[in-house]
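The values are calculated or read from the model by the stated rules, or taken from the named source; none is laboratory data. Keep in mind that what you see is a predicted model, and the values were worked out from it rather than measured. Reconstructed Cβ throughout: ideal geometry from the backbone, glycine too, with neighbour counts over all protein chains shown.
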Amino acid sequence: MFNKKNITDKYSHFKPTGSITRKTLSQIGVSVTIVVAFATTINYFQLLSTLKTQKLEQLKEYVIERVEREKFIFALAADNEAILNQEIIRKYQQRSNVDPKVQFDNLFARSTDGVIRNRPERFDGKRQAGVYIGKSLTITADIRRRVLDLKALLESYGPAWRNRFQDLYVMTPENIIVIYWPEIPNWVQDAPANLYIPKEEYYFVADREHNPARKTVWAGLYYEEISKVWMVSCLTPVDINGREIAIIGQDVMLNDLMQRTVNDHIQGGYNLIFRGDGRLIAHPKLMDKILKQKGKFNIVNSDDTPLKNIFQLVKNAPNGKVIIDNINDEEYLAVRKIPGPDWYFVTVFPKSLLTKQARDLAVSNLLMGIGVLLTLVAVVFVVLNKQVAAPLRQLINATNQIAGGNYNISVEDSRQDELGCLARSFNIMASEIATRSKELQNALEQQAILVQQVTTTLEQQAISVQQVTTTMDELSASSGISAEQAKAAAAGAKQVLFLIEGDTDNSAMKGKSSLREKVGQLAQEILRLSDQTSQIGTISTLVSDLANQTNMLALNAAVEAVRAGEHGKGFNVIATEIRKLADQSKTSAQRINALVRDIQSATNSTVMVTEESKKNVESVVNAVHKITLNSQQISLNANQQAIAIGQVVAAMNNLNEVAAQYRKK
């Protein structure tokens, strides 16, 4: 029977274990995350490329601007010395033959160490030029004239150039130096007696041996012991008629340049300066070593591999190349030569900073993307929960109610989207289910009635089978008695035959009845046998009728089973088995009727013979022989009848068991 509770219980555990909103959000989140990650990766490489281009351009502009700024002082020094060079030559060519000994002695005097210096009482180092003449030099009129002329020129040009340069000096091959240095007014007084100017680097780099081109040159970096400052000297030789008469010098103080080089650098990078021969001028991490070696630290002779690599890359780079890729150390080098001293100004910028900057920007973009993703997820969650999940939950609840048997339900279907179509389809489905459920309920009720009818029919068949079984049991008992009586008749016939054949001396037969009496008794027994055989025929006919009725009932059951459809298939099988058993019963009954007819025929023959025996004793022998044969045939037929009845009984028992099994179902 259709059971709503069973259906409700069956589908009650079908509850959603997940959420379409969460699943959709997960899919959106994963998809957007992949897109964001992919976009971030692409963005990272784009940023890296853009930053690289921007940074390299920035480095190029920076190093060019720095060199333009730093080269000015060197160019100005060279220009100043060119002017002074012309004045010295002019003065030298216009010199007089007068010996200015009085003036010279009035200004200068030999010190206790043998060196000729300015007289302290007449010397103001902040306004006047100092003079240092080596102690071994013999003073001549030419020397006195040149010293006084140089002193006058320096006191004239020195103050004018002081805003850019601290000092101005002129050196001669005779170990004479005339110097204007207001910041260190006592330089000549503090200079040692063993100072030999031509042996100092700031002199010999410009002499004829080291500067055959006779152009302005620059001395290497050196630490001036007296002034305690780093400097580099711009040196211009003064030649007259191929004779070196002096070297003009102007020092560029490098303390400021070094500080700017070390401290004023592009963010994340650093600057260094070196000469073409490897002499290091400035480096943020090697200033102590430069000082220790008094400005003669050479990159080529150092054990600093990265620094040597930078030097080699710069030296091997094509002229005019500004940006150099230092692949070994993952750096970019921005290189520019400082005109004048021909120093290399190099800005080193690590590639890792670009990578870090690009990564930071990419991470920032990624975080922004994640923020947008979270916002998107929140918005999608609210929208999905309101526009999708809520209508779906309503549909699920309505579906559960339909599963529970409540077909009079509908959902809101005014929306024009897919969920609205789904809701309208659901309402149509619910209506169809309600209609079909009613039709199914009616069909089930009709089937229940048919099943009840089939059950009643089968119960009637079971009763009929039980009656047939009982009758057949009685028939089996009667057949046994008939068989015993047939055996007794055969035995009596044999005894009659024995008596008729004249064996009167048989003591076993003495005192027995006469032949006529025996024949009369035999006739009576045969008549009784005929009556019982008639009863067997009647019972057999009854069995045949019952088999026909059973067959009709089975046919009716089969018809009802067909009408019951799927629920009547079991009844159809049982009805088929009942028809088979009824057919077997009918066949057995027909066989019994045939046997009864044979028995009756034999019995009638025996009666006729017996009657004739009464009338004609002379025919007794032949009649007795016939009686014996007929009695044996009767006994055989009775046994066969008993066997057939046993088969019918077995068939009825099987039929009874089948009916009982059906009743249990």
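Mind telling me which of the residues ALA109, ALA75 ends up being surrounded by fewer than 17 Cβ atoms within 10 Å (Cβ to Cβ) and without any contact (Cβ under 8 Å) to a residue 12 or more places away in the chain? Show your work before the answer.
Values: ALA75 fails: without any contact (Cβ under 8 Å) to a residue 12 or more places away in the chain.
Answer to the check: ALA109.
Would it be correct to say that THR347 is assigned by TED's automatic domain parsing to the domain that holds LYS60, in contact with a Phe, Trp or Tyr (Cβ under 8 Å, 6 or more places away or on another chain) and polar (S, T, N, Q)?
On the way: assigned by TED's automatic domain parsing to the domain that holds LYS60: yes; in contact with a Phe, Trp or Tyr (Cβ under 8 Å, 6 or more places away or on another chain): yes; polar (S, T, N, Q): yes.
The answer is yes for THR347.
When region 282-309 is examined, which residues are found to be assigned to a loop (DSSP other than H, G, I, E, B) and of a type in the set (Ser, Thr, Tyr)? Of everything in region 282-309, just one residue is assigned to a loop (DSSP other than H, G, I, E, B) and of a type in the set (Ser, Thr, Tyr), namely SER302. Applying the set (1) more than 29 Å from VAL346 (Cβ to Cβ); (2) surrounded by fewer than 18 Cβ atoms within 10 Å (Cβ to Cβ); (3) of a type outside the set (Val, Ile, Thr) to ALA246 leaves exactly one unmet item: (2). Against the definition (in a helix (DSSP H, G or I) and closer than 20 Å to ILE20 by Cα), how does ALA398 come out, yes or no? So ALA398 fits the description; yes. Across region 180-197, which residue is farthest from PRO339 (Cα to Cα) among those that are crowded, with 16+ Cβ neighbours inside 10 Å and aromatic (Phe, Trp, Tyr)? So, considering only residues that are crowded, with 16+ Cβ neighbours inside 10 Å and aromatic (Phe, Trp, Tyr), the one farthest from PRO339 (Cα to Cα) is TRP187. Quick check on my filter: what residues within region 370-386 are surrounded by 13 or more Cβ atoms within 10 Å (Cβ to Cβ) and at pLDDT below 75? Scanning region 370-386 gives LEU373, LEU384, ASN385. Is it the case that region 317-339 has a residue that's of a type in the set (Val, Ile, Thr), at pLDDT 90 or above, more than 30 Å from ASP79 (Cα to Cα) and loosely packed, with under 15 Cβ neighbours inside 10 Å? Yes, there is a match, as at least one residue in region 317-339 is of a type in the set (Val, Ile, Thr), at pLDDT 90 or above, more than 30 Å from ASP79 (Cα to Cα) and loosely packed, with under 15 Cβ neighbours inside 10 Å. Here region 198-215 is the region considered, the condition is being surrounded by fewer than 21 Cβ atoms within 10 Å (Cβ to Cβ) and in contact with a helix residue (DSSP H, G or I) (Cβ under 8 Å, 6 or more places away or on another chain), and the residue that is farthest from GLY278 (Cα to Cα) is PRO198. Has region 350-361 got any residue that is buried (at least 16 other Cβ atoms within 10 Å of the Cβ), assigned to a helix (DSSP H, G or I) and in contact with a Lys or Arg (Cβ under 6 Å, 6 or more places away or on another chain)? Yes, that holds for at least one residue.
Screening GLY405 with (1) at pLDDT below 75; (2) crowded, with 17+ Cβ neighbours inside 10 Å gives one miss only, at (2).
Evaluation of GLN461 against the conditions (1) part of a helix (DSSP H, G or I); (2) at pLDDT 75 or above shows that the sole unmet condition is (2).
If I ask for residues that are in a loop (DSSP other than H, G, I, E, B) and either under 23 Å from LEU48 (Cα atoms) or without any contact (Cβ under 8 Å) to a residue 60 or more places away in the chain (or both), which ones from region 310-349 would you list? So that I can check it myself, show each step before the final result.
First pass over region 310-349, keeping only residues in a loop (DSSP other than H, G, I, E, B): 317-322, 327-330, 339-342.
If the condition is that a residue be in a loop (DSSP other than H, G, I, E, B) and either under 23 Å from LEU48 (Cα atoms) or without any contact (Cβ under 8 Å) to a residue 60 or more places away in the chain (or both), then ALA317, PRO318, ASN319, GLY320, LYS321, VAL322, ILE327, ASN328, ASP329, GLU330 are the ones that fit.
Being among the aliphatic types (A, V, I, L, M) and either free of Cβ contacts under 8 Å to residues at least 24 places away in the same chain or not assigned by TED's automatic domain parsing to the domain that holds LYS351 (or both): is that true of ALA282 here? So ALA282 fails the test.
Conditions tested, residue by residue: (1) charged (D, E, K, R); (2) in a helix (DSSP H, G or I).
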residue: ARG127; (1), (2): yes, no
residue: VAL131; (1), (2): no, no
residue: ILE143; (1), (2): no, yes
residue: LYS151; (1), (2): yes, yes
residue: LEU154; (1), (2): no, yes
residue: PRO159; (1), (2): no, yes
residue: PRO192; (1), (2): no, no
residue: LEU195; (1), (2): no, no
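Step by step: first the residues of region 112-133, then only those that are touching a Phe, Trp or Tyr at 6+ places or on another chain (Cβ under 7 Å) and touching a residue at least 24 places away in the same chain (Cβ under 8 Å), then the one that is nearest to LEU84 (Cα to Cα). Which residue is that? Restricting to residues being touching a Phe, Trp or Tyr at 6+ places or on another chain (Cβ under 7 Å) and touching a residue at least 24 places away in the same chain (Cβ under 8 Å), the top hit is ALA129. Is it true that ALA219 is within 30 Å of TYR332 (Cα to Cα), crowded, with 17+ Cβ neighbours inside 10 Å and among the aliphatic types (A, V, I, L, M)? Yes, satisfied. Here are TYR62, TYR92: which of them is touching a residue at least 24 places away in the same chain (Cβ under 8 Å), under 14 Å from LEU153 (Cβ atoms), touching a strand residue (DSSP E or B) at 6+ places or on another chain (Cβ under 9 Å) and hydroxyl-bearing (Ser, Thr, Tyr)? Sole residue among the options that is touching a residue at least 24 places away in the same chain (Cβ under 8 Å), under 14 Å from LEU153 (Cβ atoms), touching a strand residue (DSSP E or B) at 6+ places or on another chain (Cβ under 9 Å) and hydroxyl-bearing (Ser, Thr, Tyr): TYR92. Scanning region 408-419 for residues that are surrounded by 15 or more Cβ atoms within 10 Å (Cβ to Cβ) and farther than 25 Å from LYS438 by Cβ turns up just one, LEU419.
Looking at ASN106, ASN85, ASN118, ASN80 in this structure, which one is polar (S, T, N, Q) and in contact with a Leu (Cβ under 7 Å, 6 or more places away or on another chain)? Outline the logic, then answer.
Working: ASN106 fails: in contact with a Leu (Cβ under 7 Å, 6 or more places away or on another chain); ASN85 fails: in contact with a Leu (Cβ under 7 Å, 6 or more places away or on another chain); ASN80 fails: in contact with a Leu (Cβ under 7 Å, 6 or more places away or on another chain).
Result of the check over ASN106, ASN85, ASN118, ASN80: ASN118.
For the condition part of a helix (DSSP H, G or I), without any contact (Cβ under 8 Å) to a residue 12 or more places away in the chain and either of a type outside the set (Lys, Arg) or over 30 Å from ILE42 (Cα atoms) (or both), what is the one hit in VAL451, VAL388, VAL379?
VAL379
If you check GLU560, GLU474, which single one turns out to be part of a helix (DSSP H, G or I), under 30 Å from GLN447 (Cβ atoms) and either at pLDDT 70 or above or not assigned by TED's automatic domain parsing to the domain that holds MET652 (or both)?
Numbers: GLU474 fails: under 30 Å from GLN447 (Cβ atoms).
Result: GLU560 is the single residue among GLU560, GLU474 that is part of a helix (DSSP H, G or I), under 30 Å from GLN447 (Cβ atoms) and either at pLDDT 70 or above or not assigned by TED's automatic domain parsing to the domain that holds MET652 (or both).
Of everything in region 603-635 that is hydrophobic (A, V, I, L, M, F, W, C) and either at pLDDT 75 or above or out of contact with any helix residue (DSSP H, G or I) (no Cβ under 7 Å at 6 or more places or on another chain) (or both), the residue that is farthest from THR538 (Cα to Cα) is VAL617.
Out of region 112-134, which residues are surrounded by fewer than 15 Cβ atoms within 10 Å (Cβ to Cβ) and at negative phi? If you could, list the steps in order and put the result at the bottom.
Of all residues in region 112-134, those surrounded by fewer than 15 Cβ atoms within 10 Å (Cβ to Cβ) come to 112-114, 119-122, 124, 126-127.
Selection gives THR112, ASP113, ARG119, PRO120, GLU121, ARG122, ASP124, LYS126, ARG127.
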